[in-house]
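Below: the structure, in structure tokens.
The values are calculated or read from the model by the stated rules, or taken from the named source; none is laboratory data. Values in this document were obtained by computation on a predicted structure and should not be read as measured data. In this analysis, Cβ positions are derived from the backbone assuming ideal geometry, glycine residues included, and neighbour counts consider all displayed protein chains. Note: areas computed on protein heavy atoms with side chains; ligands, DNA, RNA excluded. Shrake-Rupley method; radii C 1.70, N 1.55, O 1.52, S 1.80 Å.
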Amino acid sequence: MIKKMLIANRGEIAVRIIRVCREMEIETVAVYSVADKEALHTQLADEAVCIGGASSEDSYLNMESIISAAVTHGADAIHPGFGFLSENPQFAKLCKQCNITYIGPDYTVIEKMGNKVAARQTMINAKIPVVPGTNNEIKDLNHALQEAEKTGYPVIVKAASGGGGKGIRVAYNKDELKSGFLAACKESMASFGDDTMYMEKFIENPRHIEFQILADNYGNVIHLGERDCSIQRHHQKIIEEAPSVVLSEDQRKEMGKMAVRAAKAAGYKNAGTVEFLLDKTGKYYFMEMNTRIQVEHPITESITGIDIVKEQILIAQGEKLKLKQNDIKLTGHAIECRINAEIPEKNFMPSPGVVQHLHLPAGNGVRVDTGLYTGYRIPSEYDSMIAKVIVHAPDREAALQKMRSALDEMLIVGVETNLDFQYQIMRHPVFCEGKADTGFIENLMHIK
């Protein structure tokens, strides 16, 4: 049994994990950078330790400092949250070598699924539909141009080690590919320390559908239904909902089976997400597998009643899944809005600063995951997401109304946020009719 857990993350996900550990009577150790000294997660944890300077490289990406903190403070487990080291196989391997339980899959699986080229080949071998494209890495620009001619424009160049919308460029012709390929390589190297690229046929304006899976150490794998994550800016999600309004029950069953098959093909254990693209004709394609907890996991928790973070910990402790696929019932509809300290009108430019006043919405079916409090200084060094508003209601229309009410009530004074932008989307007829795809913001909101 896990006695003490170090949370190798910050912000709302660190707070979320600490609260679950409290329920499970597991002691917690928070880590923080000098910029996060007064952060909420440092105050809620049983212990807190500074691991470095303000930059991510000096702190939340500093594996040696984090492992050292775990050993020094007697933590027998580490939860990586999402982002930072959560999909770094070297970190997971280091935990194993130090006899620290890693809350997530084995490092070999992270490595295999983290490389998008290897993950793609794994799915091909498992007879899971993939987007037409290259089955091997792109060697250089000339190779990219050759492959684009075979695949046919438009194409999308992606970082093999990518995630979070980094290292991605879309090209509709040779000239765009020439500039886009080099830019994607540069961004990938800066973000992941790896400029290995691959290419796929660009499916224009699809729906982004992902399935939450749970897998224990005994071969039991289930899925918890799907999430529709089509509302994105710069390839990053800002609104998610569950279940998807465009899937029929037959499609849900088929894609769910494919998600489970994908997890089994990868030898997956713990919580993870299998992501698909759904085109205008109803065809779906495997896109990638995320080997961690997702930002949007609360909406799945809302419609299933399952605490995914708690399940992660139980699986890591070696317990068998108590749930069978037939036990999973999707009830009602849930929506999540990511609240970011940013200015949508200025290309979503980050807007850090001091929260002078804060009021969070509440009520039946309303949940807010955040690390904010009045007087908190939002650092400029990290992602701009500062809160998640989650609502759950009997049906989608009721959920939309509940979200409008929650966003209208929420008040953050002192920094610019995307609250008004989110509220506009909640009233946009295309979104309200359930017809918004991944091109919604660029095409209909007229924001580039």
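Looking at Ile110, Ile138, Ile128, can you tell me which residue is of a type outside the set (Asp, Glu), open to solvent by less than 30 Å² (accessible area, probe 1.4 Å) and in contact with a Pro (Cβ under 9 Å, 6 or more places away or on another chain)? I'd like the intermediate steps shown before the answer.
On the way: Ile138 fails: in contact with a Pro (Cβ under 9 Å, 6 or more places away or on another chain); Ile128 fails: in contact with a Pro (Cβ under 9 Å, 6 or more places away or on another chain).
Sole residue among the options that is of a type outside the set (Asp, Glu), open to solvent by less than 30 Å² (accessible area, probe 1.4 Å) and in contact with a Pro (Cβ under 9 Å, 6 or more places away or on another chain): Ile110.
Conditions (1) within 26 Å of the chain's Cα centre (by Cα); (2) open to solvent by 70 Å² or more (accessible area, probe 1.4 Å); (3) not polar (S, T, N, Q), marked per residue:
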site: Asn115; (1), (2), (3): yes, no, no
site: Thr122; (1), (2), (3): yes, no, no
site: Gln146; (1), (2), (3): no, yes, no
site: Ala160; (1), (2), (3): yes, no, yes
site: Arg169; (1), (2), (3): yes, yes, yes
site: Asn173; (1), (2), (3): no, no, no
site: Ser179; (1), (2), (3): no, yes, no
site: Ala190; (1), (2), (3): yes, yes, yes
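Scan the range 216-271 residue by residue and report those that are small (Gly, Ala, Ser) and under 29 Å from Tyr107 (Cα atoms).
Just the residues of the range 216-271 that are small (Gly, Ala, Ser), to begin with: 219, 225, 230, 242, 244, 248, 256, 259, 262-263, 265-267, 271.
Result: Gly219, Gly225, Gly256, Ala259, Ala262, Ala263, Ala265, Ala266, Gly267, Ala271.
With of a type outside the set (Val, Ile, Thr), open to solvent by 40 Å² or more (accessible area, probe 1.4 Å), closer than 23 Å to Met258 by Cα and touching a strand residue (DSSP E or B) at 6+ places or on another chain (Cβ under 7 Å) as the only criterion, which of Leu323, Leu360, Leu277 stands out?
Details: Leu360 fails: closer than 23 Å to Met258 by Cα; Leu277 fails: open to solvent by 40 Å² or more (accessible area, probe 1.4 Å).
Being of a type outside the set (Val, Ile, Thr), open to solvent by 40 Å² or more (accessible area, probe 1.4 Å), closer than 23 Å to Met258 by Cα and touching a strand residue (DSSP E or B) at 6+ places or on another chain (Cβ under 7 Å) holds for just one of Leu323, Leu360, Leu277, which is Leu323.
Among what's in the range 140-162 and is in contact with a strand residue (DSSP E or B) (Cβ under 8 Å, 6 or more places away or on another chain) and of a type in the set (Ser, Thr, Tyr), pick the residue that is modelled with the lowest pLDDT. First the steps, then the outcome.
Just the residues of the range 140-162 that are in contact with a strand residue (DSSP E or B) (Cβ under 8 Å, 6 or more places away or on another chain), to begin with: 144, 147-148, 151-160, 162.
From the residues that got through so far, the ones that are of a type in the set (Ser, Thr, Tyr) too are 151, 153.
Details: Thr151: 91, Tyr153: 95.
Residue satisfying both the conditions and the ranking: Thr151.
Can Ile425 be described as at pLDDT below 95 and farther than 17 Å from Gly332 by Cβ?
On the way: at pLDDT below 95: no; farther than 17 Å from Gly332 by Cβ: yes.
Spelling it out, it is not the case that Ile425 is at pLDDT below 95 and farther than 17 Å from Gly332 by Cβ.
In the range 320-334, is there at least one residue being among the acidic types (Asp, Glu) and over 30 Å from Val413 (Cα atoms)? Break it down into steps so the answer makes sense when it comes.
Taking the range 320-334 as the starting set, the residues that turn out to be among the acidic types (Asp, Glu) are 327.
This time we only want the ones that are over 30 Å from Val413 (Cα atoms), so: 327.
Yes, the range 320-334 contains a residue that is among the acidic types (Asp, Glu) and over 30 Å from Val413 (Cα atoms).
Which members of the range 207-236 meet the condition of being free of Cβ contacts under 8 Å to residues at least 60 places away in the same chain and part of a strand (DSSP E or B)? Step through it out loud before you land on a result.
Taking the range 207-236 and keeping what is free of Cβ contacts under 8 Å to residues at least 60 places away in the same chain, we get 219, 221, 226, 228.
Val221, Glu226, Asp228, listed by residue number.
Can you tell me which residue among Arg396, Arg367 is within 26 Å of Arg10 (Cα to Cα), open to solvent by 10 Å² or more (accessible area, probe 1.4 Å), touching a residue at least 24 places away in the same chain (Cβ under 8 Å) and of a type in the set (D, E, K, R)?
Values: Arg396 fails: within 26 Å of Arg10 (Cα to Cα).
Just one listed residue meets the conditions, Arg367.
Could you list, in sequence order, the residues of the range 163-190 that are in contact with a strand residue (DSSP E or B) (Cβ under 7 Å, 6 or more places away or on another chain) and within 22 Å of Met113 (Cα to Cα)? Talk me through it step by step, then tell me what you get.
Of the residues in the range 163-190, the ones in contact with a strand residue (DSSP E or B) (Cβ under 7 Å, 6 or more places away or on another chain) are 164-171, 177, 180-181, 183-185, 188.
Answer for the range 163-190, where residues must be in contact with a strand residue (DSSP E or B) (Cβ under 7 Å, 6 or more places away or on another chain) and within 22 Å of Met113 (Cα to Cα): Gly164, Gly165, Lys166, Gly167, Ile168, Arg169, Ala184, Cys185, Ser188.
What are the residues in the range 99-124 that are over 19 Å from Ser188 (Cα atoms) and part of a helix (DSSP H, G or I), if any? Let's see the steps before the verdict.
If we filter the range 99-124 for residues that are over 19 Å from Ser188 (Cα atoms), which is where we start, we get 99-109, 121-124.
Of everything in the range 99-124, those that are over 19 Å from Ser188 (Cα atoms) and part of a helix (DSSP H, G or I) turn out to be Tyr107, Thr108, Val109, Gln121, Thr122, Met123, Ile124.
Among the residues of the range 243-264, which ones are more than 16 Å from Met287 (Cα to Cα) and touching an Asp or Glu at 6+ places or on another chain (Cβ under 8 Å)?
Pro243, Ser244, Val245, Val246, Leu247, Arg252
Considering only the range 1-95, give the helices (runs of 4 or more DSSP H) lying wholly within it that have at least 3 residues that are modelled with pLDDT of 95 or more and open to solvent by less than 30 Å² (accessible area, probe 1.4 Å). Steps first, please.
Details: elements: 11-23, 40-44, 63-72.
Because the criterion is at least 3 residues that are modelled with pLDDT of 95 or more and open to solvent by less than 30 Å² (accessible area, probe 1.4 Å), the helices (runs of 4 or more DSSP H) in the range 1-95 that meet it are 11-23, 63-72.
Scan the range 423-433 and give yes if some residue there is among the charged types (D, E, K, R), open to solvent by 30 Å² or more (accessible area, probe 1.4 Å) and free of Cβ contacts under 8 Å to residues at least 24 places away in the same chain, otherwise no. It would help to see each step written out before you state the result.
First, the residues of the range 423-433 that are among the charged types (D, E, K, R): 427, 433.
Those left that are additionally open to solvent by 30 Å² or more (accessible area, probe 1.4 Å): 427, 433.
Filter again for free of Cβ contacts under 8 Å to residues at least 24 places away in the same chain, leaving 427, 433.
Within the range 423-433, one or more residues are among the charged types (D, E, K, R), open to solvent by 30 Å² or more (accessible area, probe 1.4 Å) and free of Cβ contacts under 8 Å to residues at least 24 places away in the same chain.
Given the criteria assigned to a helix (DSSP H, G or I) and either farther than 15 Å from Tyr32 by Cα or among the basic types (Lys, Arg) (or both), does Lys127 qualify? Full working, then the answer.
Working: assigned to a helix (DSSP H, G or I): no; either farther than 15 Å from Tyr32 by Cα or among the basic types (Lys, Arg) (or both): yes.
For Lys127, the condition - assigned to a helix (DSSP H, G or I) and either farther than 15 Å from Tyr32 by Cα or among the basic types (Lys, Arg) (or both) - is not met.
Considering the range 144-168 alone, what residues qualify as being farther than 30 Å from Asn62 by Cβ and either part of a strand (DSSP E or B) or not small (Gly, Ala, Ser) (or both)? Walk me through it before giving the result.
Applying the first criterion (farther than 30 Å from Asn62 by Cβ) to the range 144-168 yields 144-157.
If the condition is that a residue be farther than 30 Å from Asn62 by Cβ and either part of a strand (DSSP E or B) or not small (Gly, Ala, Ser) (or both), then Leu145, Gln146, Glu147, Glu149, Lys150, Thr151, Tyr153, Pro154, Val155, Ile156, Val157 are the ones that fit.
If Tyr268 satisfies all but one of (1) within 21 Å of the chain's Cα centre (by Cα); (2) surrounded by fewer than 23 Cβ atoms within 10 Å (Cβ to Cβ); (3) over 19 Å from His208 (Cβ atoms), what's the number of the condition it fails?
Condition (2) is where Tyr268 drops out.
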